[in-house]
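The values are calculated or read from the model by the stated rules, or taken from the named source; none is laboratory data. Computed from a prediction, not measured in an experiment: that's the story for all the values here. Reconstructed Cβ throughout: ideal geometry from the backbone, glycine too, with neighbour counts over all protein chains shown.
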Amino acid sequence: MRFSPEKLSIPDQRMKSFIDPDELWHFINNAKADKLRVREIISKSLEKQRLTLEETAVLVNASGTDLLEEIKKGAKELKIKVYGNRIVLFAPLYVGNKCSNNCKYCGFRASNREAVRKTLDDSELKLEVEALEDNGQKRLILVYGEHPEYSAEYIAHTVKLVYGIKKGHGEIRRVNINAAPFDIDGFRKIGEAGIGTYQVFQETYHPEAYSWYHLGGRKRDFDWRLTSLDRAQEAGIDDVGIGALFGLYDWRYEVLGLVRHTNHLEACYNVGPHTISFPRIKDAAKLNLKEEYNVSDNDFKKLVAILRLAVPYTGLILTARETPDVRREVMEYGVSQIDGGTKIELGSYSDLKNEEQNLNREQFKIGDPRSLAEVIDELLTHDYLPSFCTSCYRMGRTGEHFMEFSVPGFIKRFCTPNAILTLSEYICDYASGELAEKGWKVIDKNLHTLEDGVMRTTMEKIDRIKMGERDLYF
């Protein structure tokens, strides 16, 4: 179902700028965060209702240890209500780092003459995917610099190539994209390749700050980037991801910007973003930033909890930019997806000799270089249920259909058993003895949380997986 301005008798707001800095600052400057109001807002969120800008601003302005702990506690409770204890795993795969933009915060920017530029050819991309499959990965996000060489046709070609690479039981079942904005025709070509989520991060939602950071290339156009996911929706890509790069501007404003973007997509397309990302500025080659907007660990934890409460049904992605210690704590506040075994230097998954990070060959410096097995081991230790599930795409549970399930919280009927099945596959194919033993214990514990009929069917599918079948799901 597409937005119909005639039916709703309101002006068509598709593909128009929807960010008013004065509006966002008005909410921040005027929202009163007294204890009663904060508790009312948390209660509303726990009913799985999205918060307004004013309500989000109240949480942003909340201070004092007691209120902050209540916000975090509410976020933890909401996460369990909507997502259970599962954490979806993926890996980023950088395909090419050529870039025609000149962003002050990015090691790939055109003015960085020391950057080692490379685009993986088909044979190199195949080696990278096979290496990822050897580690048990099932979900990838392909990352491209913003350059004419990475056209819609080229991105579609690489997506199809990745889906076709199989090694043993290894296969990639979901390919997400992080790349430049396109026009509607370009998005349509990429969507036809069978992608999952298309991510475009606004970086900062403040137009003046945006112009200071972006000095060249098409990315200088704030509105072109802001409305990119409108064009994706018009092209039939109903699964999109938004994000802000925290550290470019006041974090409070960026949180409201993300909520405003969510409001816009829901109003125009009847579906909000599938995911929200909140990467925090890290080291990069020739970094040129203002330190006044640095986000402390405490503020970072707070903003993640607020986002969870503000958009109860939207996936929150926490990346390996953060250290294991920060990731360990922030996951409690509502994160639903993380990357594991991450390497961001081009060709590094298949090149075992290249173990040291080189900022001239990377976009930024990662904080969590642990292997996928190490990440899974820690998740199991802390009673999370690691998941490589991709069933929603096979069953058509995307866009509005996904919202029909996820907004009421019914998605757990599918997600928990599917997480169990994909973890069973991982254990059978890739886990060591100790990790396998720990994994089966977690699976057994989670099986007993399912309804009797679902539990029996899930156990039958696990037996089939142990006998060699793969890709079983609900």
How many residues are among the acidic types (Asp, Glu), at pLDDT below 95 and part of a loop (DSSP other than H, G, I, E, B) when one looks only at the stretch 4-33?
1
What are the residues in the stretch 80-102 that are out of contact with any Gly (no Cβ under 8 Å at 6 or more places or on another chain), touching a residue at least 12 places away in the same chain (Cβ under 8 Å) and of a type outside the set (Phe, Trp, Tyr), if any?
84, 85, 86, 87, 92, 93, 95
Of all residues in the stretch 243-270, which are touching a helix residue (DSSP H, G or I) at 6+ places or on another chain (Cβ under 6 Å), in a helix (DSSP H, G or I) and either farther than 19 Å from residue 197 by Cβ or among the aliphatic types (A, V, I, L, M) (or both)?
251, 252, 253, 255, 256, 259
Taking the criterion of being of a type in the set (Asp, Glu) and closer than 29 Å to residue 222 by Cβ, would at least one residue in the stretch 107-116 satisfy it?
yes
From the set of residues in the stretch 61-77 that are buried (at least 20 other Cβ atoms within 10 Å of the Cβ) and under 23 Å from the mean Cα position of the chain (by Cα), which is nearest to residue 308 (Cα to Cα)?
75
Give the number of residues within the stretch 316-335 that are under 18 Å from residue 74 (Cβ atoms) and either assigned to a helix (DSSP H, G or I) or touching a Ser or Thr at 6+ places or on another chain (Cβ under 6 Å) (or both).
6
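Look through the stretch 201-224, keep the residues that are hydrophobic (A, V, I, L, M, F, W, C) and in a loop (DSSP other than H, G, I, E, B), and return whichever of them is surrounded by the fewest Cβ atoms within 10 Å (Cβ to Cβ).
In the first step, residues of the stretch 201-224 are kept if they are hydrophobic (A, V, I, L, M, F, W, C); the result is 201, 209, 212, 215, 222, 224.
Pick out the ones that are also in a loop (DSSP other than H, G, I, E, B) and you get 201, 215.
On the way: 201: 18, 215: 16.
Filtering the stretch 201-224 for residues that are hydrophobic (A, V, I, L, M, F, W, C) and in a loop (DSSP other than H, G, I, E, B), the one surrounded by the fewest Cβ atoms within 10 Å (Cβ to Cβ) comes out as 215.
Is there a residue in the stretch 435-453 that is over 21 Å from residue 380 (Cβ atoms), in a helix (DSSP H, G or I) and of a type in the set (Phe, Trp, Tyr)? I'd like the intermediate steps shown before the answer.
Of the residues in the stretch 435-453, the ones over 21 Å from residue 380 (Cβ atoms) are 451-453.
If we keep only those that are in a helix (DSSP H, G or I) too, we end up with 452-453.
With of a type in the set (Phe, Trp, Tyr) added as a condition, the list becomes none.
Checked against the condition, which is being over 21 Å from residue 380 (Cβ atoms), in a helix (DSSP H, G or I) and of a type in the set (Phe, Trp, Tyr), the stretch 435-453 yields no hits at all.
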In the stretch 235-244, is there at least one residue being small (Gly, Ala, Ser) and touching an Asp or Glu at 6+ places or on another chain (Cβ under 6 Å)?
yes
Within the stretch 185-198, does at least one residue satisfy the condition of being at pLDDT 95 or above, part of a strand (DSSP E or B) and buried (at least 21 other Cβ atoms within 10 Å of the Cβ)?
yes
So which of 56, 65 is over 27 Å from residue 388 (Cα atoms), free of Cβ contacts under 8 Å to residues at least 24 places away in the same chain and β-branched (Val, Ile, Thr)?
65
Take the residues of the stretch 351-395 that are modelled with pLDDT under 95 and of a type in the set (A, V, I, L, M, F, W, C): which is surrounded by the fewest Cβ atoms within 10 Å (Cβ to Cβ)?
352
How many residues does the stretch 225-246 contain that are surrounded by fewer than 18 Cβ atoms within 10 Å (Cβ to Cβ) and of a type in the set (D, E, K, R)?
0
One residue is enough: does the stretch 109-123 have a residue meeting the conditions part of a helix (DSSP H, G or I) and assigned by TED's automatic domain parsing to the domain that holds residue 343?
yes
